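Below you'll find the structure, written out as structure tokens, and then a few comments.
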Amino acid sequence: MTKTFIKGMDMSFLDEIEMSGGKYEENGQSADALQIMKNNGVNAIRLRIWNDPVGGFCNLERTLLMAKRIKALDMHFLLDFHYSDKWADPANQWKPKAWEHLSFDVLNDEVFNYTYFVLSELKGQGTLPDMVQIGNEITPGMLWNDGKVDGEFDTEEQWVKFTTLVKSGIVAAKAVAPLINIMIHIDRGGDLAASRRFFEKFAQHGVKYDTIGLSFYPWWHGSLDDLNNNLQELTSTFGKDINVVETAYPWTLDASEGRSCIVDKEEQLHAGYPATVQGQADYLLDLIGIIKKAAGDRGVGFYWWEPAWIPSKEEWSVGHANNWLNLTLFDHEGRVQPALEALQSNT
């Protein structure tokens with residue numbers, strides 16, 4: 001993996017946005033969103049992959065197409081395996097429907113086989129990811145209940161099963177591409193105690209990976225000071241590269257045209273960063289500064305989550321409306337925001 005600082009964007013919804021008629025503008029001209037990203041200093045794109053999503057997006061077929069576009073722009077490519085047919089996050093780590101009734105041993109084989117197949121298909125068309133996540137925000141485990149480790153499932157037996165599943169994904173990825181970078185991603189960007197405990201468990205169980213991934217959203221995960229402390233401690237304790245692989249911040253609290261947003265209240269904001277285009281830009285640049293300072297050479301970058309998810313339609317393949325439209329790096333009409341432009345001058 002290159003040590004060039006990753007200025008990344010999760011563009012997983014872009015395919016669906018474009019197919020629903022969504023368009024983007026830069027300097028008053030219509031342009032491809034990925035090219036706009038590159039023009040503004042973005043050098044990496046993240047995509048999630050679901051096994052068999054009901055909506056038909058973020059599956060292997062669409063991922064193959066998006067991967068060609070990413071690599072045509074010579075951008076770093078991170079593929080995020082959710083190992084689910086839908087969202088996988090701290091509240092949802094549900095098995096794909098096809099895997100629901102498998103024994104643990106067969107499930108473990110399927111994790112290997114699926115990971116191997118997806119990466120082999122990408123390699124075959126010349127678009128192998130540079131990095132892969134084995135699971136998404138897997139703080140409470142994955143592939144519930146077999147790999148669940150929170151609440152009553154927080155037992156040594158369950159940690160063995162969980163880490164066994166993760167190891168199968170890692171072995172499969174390395175079998176396709178021995179030099180591929182492996183990220184382990186949790187959601188606790190501002191929670192040092194939970195982060196340390198999680199990665200201590202992985203160390204105890206011999207999970208071999210390259211990069212720690214953290215989600216950090218201030219309204220859920222604390223302050224930038226909390227993030228700074230966590231980055232410092234994790235770096236010194238585990239000696240791994242660290243990427244803030246999910247973040248975002250609002251440029252307005254106006255939901256627009258009666259829509260609702262996840263962040264719509266003043267009390268959800270981080271002190272010192274108003275919900276304005278300038279406040280959003282300041283947040284992003286300060287975040288970058290913290291990653292570089294707190295983790296030093298081990299602070300390898302960030303990804304803004306769904307910066308292009310503009311309100312181009314009412315209902316989405318994921319079964320709900322767009323509640324992220326004020327956390328984007330484009331306005332509601334798809335025009336570039338100052339926070340994205342600020343990356344051009346940030347190295």
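The values are calculated or read from the model by the stated rules, or taken from the named source; none is laboratory data. Predicted model, so just to flag it, every value in this text is computed and none were measured. Cβ: placed from backbone, ideal geometry, glycine included. Neighbour counts: every protein chain shown. Please note that ligands, DNA and RNA were not included when accessible areas were found on the heavy atoms of the full protein model with its side chains. Shrake-Rupley method; radii C 1.70, N 1.55, O 1.52, S 1.80 Å.
Of note:
- Centre separation in Å (Cα based) which lies between the range 222-285 and the range 45-66: 26 Å
- Span per principal axis, largest first, for the Cα atoms of the range 1-148 (Å): 55, 34, 29
- Long-range amide H partners of residue 9 with built H, under 5 Å: 44, 45, 46, 304
- Per-residue packing, averaged as other Cβ atoms within 10 Å, sorts the ranges 238-246, 146-154 into the order 238-246, 146-154, beginning with the highest.
- Only protein atoms count toward the accessible area here, which uses a 1.4 Å probe; on the range 1-40, the carbon and sulfur part of that area reaches 45 percent.
- Entry comment: accessible area of the chain is 39 Å² per residue, from protein heavy atoms only and a probe of 1.4 Å.
- Packing rank of 128-139, 182-193, where each peptide gets the mean count of other beta carbons within 10 Å, highest leading: 128-139, 182-193
- Given the alternatives [x] 41, 23, 20; [y] 37, 29, 15; [z] 30, 23, 20, semi-axes √(5λ) of the Cα gyration tensor in Å as computed for this entry is given by [z].
- Stokes-Einstein diffusion coefficient of the range 291-347, Kirkwood radius over Cα pairs, 10 °C, 1.306 mPa s, in µm²/s: 119 µm²/s
- Carbon/sulfur fraction of accessible area - the range 126-248, other protein chains in place, 1.4 Å, %: 46 percent
- With a cut-off of 15 Å between beta carbons, the residues surrounding residue 179 carry a summed charge of +1, where Lys and Arg count +1 and Asp and Glu -1.
- Direction-averaged projected area, Cα convex hull, the range 106-246: 8.6 nm², rounded to one decimal.
- For the chain, calculated [θ]222 nm from helices alone, where every DSSP H run of n ≥ 4 adds -39500 (n - 2.57): -11000 deg cm²/dmol
- Bridge type composition, the chain - antiparallel percent by DSSP, nearest 5: 15 percent
- For the set 86/123; 161/293; 68/208; 97/293; 86/293, the pairs lying more than 32 angstrom apart at their alpha carbons are 161/293; 97/293; 86/293.
- Calculated FRET efficiency, residue 113 to residue 208, Cβ-Cβ distance, R0 = 25 Å: about 0.80 to the nearest 0.05.
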